[in-house]
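The values are calculated or read from the model by the stated rules, or taken from the named source; none is laboratory data. Here the structure is a predicted model, which is why all the values come from computation and not from measurement. Counting neighbours? That spans all protein chains shown, and the Cβs are built from the backbone with ideal geometry, glycine included.
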Amino acid sequence: MLKFLQEQYRTLPLPSTYAPSLAGKTVIITGANVGLGFETAKHLATLHPGRLILACRDPKKAQAAVREIQQSTGSKRVEAWQLDISSNSSVKAFAEKFAKEGGGKLDVLIENAGVNSPKMDRTPDGWEKNIGVNHLGTSHLAFRMLPFLLQAPQPRLVIVASAVHYFTKQPELMNRADLLQSLNKDKPANKFEGFDGTQRYNISKTMNVLWARALAKRIPSSSALTVTTVAPGFCISSLLRDQSIRLRIFASLVARTTEVGSRTIAHAAVAPEVQGKTGVYLSNCEEAEPSDFVISKAGAETEAKLWDETLDVLGKVDPEVPRIVQTHLCN
Ligand SMILES: NC(=O)c1ccc[n+]([C@@H]2O[C@H](COP(=O)([O-])OP(=O)(O)OC[C@H]3O[C@@H](n4cnc5c(N)ncnc54)[C@H](OP(=O)(O)O)[C@@H]3O)[C@@H](O)[C@H]2O)c1
């Protein structure tokens, strides 16, 4: 707890003090209309990106964010594109639009959009929401944007994970057949499958870390793509809206602002020292060790299983996914 509190109050560097210009570069940030994504977009807008695309599910909120960022930073290169990562068809449409209008290469993709759903709820495609949005939607978009990332000279893929992945109870239970399907049942077959929103969110964030490590291992050596996960720290945001009053009071005492938390995301996306550190987990603007489970033998087995199952699930709804894997990744 002491370490957690010390870290929460750490002073983190402003991207404008160390980051190179983003001139000529295309950057996409998902869930950038509010919270950590919005504040990250504001930081990156000050670095003069060629294009800064806010990929958001609600076009009105996204346009309001564009206006606010343009006014506060003076950047005219900010635009809003519609994207709902809980919907396969929306992810596909987004990638197809980028293929036509994106200019060929993508320099930075920040996958920040996420939910913390305390109740059993489903995405339009029928997946439990925490897993469907935070893991499946995030992985789907990463797969679809991979060909464009691989066209850029020093691309980055940043997935916003969380320190709560350390608190996943009995993570070794994730290493079993049909992990994704078993987390999606209406009627639990055992205690692990019973719905606990907090644990489901923590599992989804463990999946982010495992999946990013799996992807990083499969990037061909001919590409400089750096894949990282980042924990922004505990921040006050609308993610807390459906959480218990106890957690919200705790947050009011110790949580960071989203502006401070967003510095960690911007760091993962643009800090020169991160280039080439592929597969790492970042926290407080530096490399950190992920959970004991993630780096254990059982963690490695779960990572491989999660990779295969994710590919299988996404391949059934989007044939482009296995094609991209076959064409662009190593086995
Ligand atoms: N806050 C924290 O303490 C904390 C700590 C660790 C990690 N994180 C992670 O940081 C990320 C951002 O969280 P935040 O705290 O900034 O929360 P937030 O303020 O609730 O922002 C979440 C963003 O994700 C978007 N989003 C949700 N579902 C989406 C979907 N299906 N498609 C597209 N966009 C979607 C939201 O859009 P709408 O506005 O339309 O809902 C919003 O823009 C999340 O991945 C979260 O897990 C947060």
Filtered residue count, region 83-94, keeping only those that are crowded, with 17+ Cβ neighbours inside 10 Å, assigned to a helix (DSSP H, G or I) and aliphatic (A, V, I, L, M): 1
In region 251-308, residue farthest from LEU210 (Cα to Cα) [restricted to those that are in a loop (DSSP other than H, G, I, E, B) and among the aliphatic types (A, V, I, L, M)]: ALA255
Total residues in region 213-241, condition surrounded by 14 or more Cβ atoms within 10 Å (Cβ to Cβ), within 13 Å of the ligand (Cβ to nearest atom) and either within 30 Å of THR327 (Cβ to Cβ) or of a type outside the set (Gly, Ala, Ser) (or both): 8
Residue list for region 112-140, restricted to those being near the ligand (Cβ under 9 Å from one of its atoms) and either small (Gly, Ala, Ser) or in contact with a strand residue (DSSP E or B) (Cβ under 8 Å, 6 or more places away or on another chain) (or both): ASN112, ALA113, GLY114, LYS129, GLY132, GLY137, THR138
Any chance LYS105 is under 23 Å from ALA266 (Cα atoms) and away from the ligand (no atom under 15 Å from the Cβ): yes
Selection within region 95-115 - more than 13 Å from the chain's Cα centre (by Cα), in a loop (DSSP other than H, G, I, E, B) and touching a residue at least 60 places away in the same chain (Cβ under 8 Å): GLY102, GLY103, LYS105, LEU106, ASP107
Breaking point among (1) within 12 Å of the ligand (Cβ to nearest atom); (2) at pLDDT below 95, for ARG246: (1)
All positions within region 27-46 that are touching a Pro at 6+ places or on another chain (Cβ under 9 Å), surrounded by fewer than 24 Cβ atoms within 10 Å (Cβ to Cβ) and touching a residue at least 40 places away in the same chain (Cβ under 8 Å): HIS43
Unique residue being more than 15 Å from the chain's Cα centre (by Cα), within 13 Å of the ligand (Cβ to nearest atom) and part of a helix (DSSP H, G or I) when the list is ALA64, ALA80, ALA41: ALA64
Every pair of residues 6+ apart whose Cβ atoms lie under 7 Å, when the first sits in region 290-317 and is on the phi < 0 side of the Ramachandran plot while the second is at pLDDT 95 or above and not in a helix (DSSP H, G or I): PRO290/TYR281; ILE295/GLU289; GLY299/PHE293
Residue in region 145-156 that is in a helix (DSSP H, G or I), of a type outside the set (Lys, Arg) and within 16 Å of the ligand (Cβ to nearest atom) present: yes
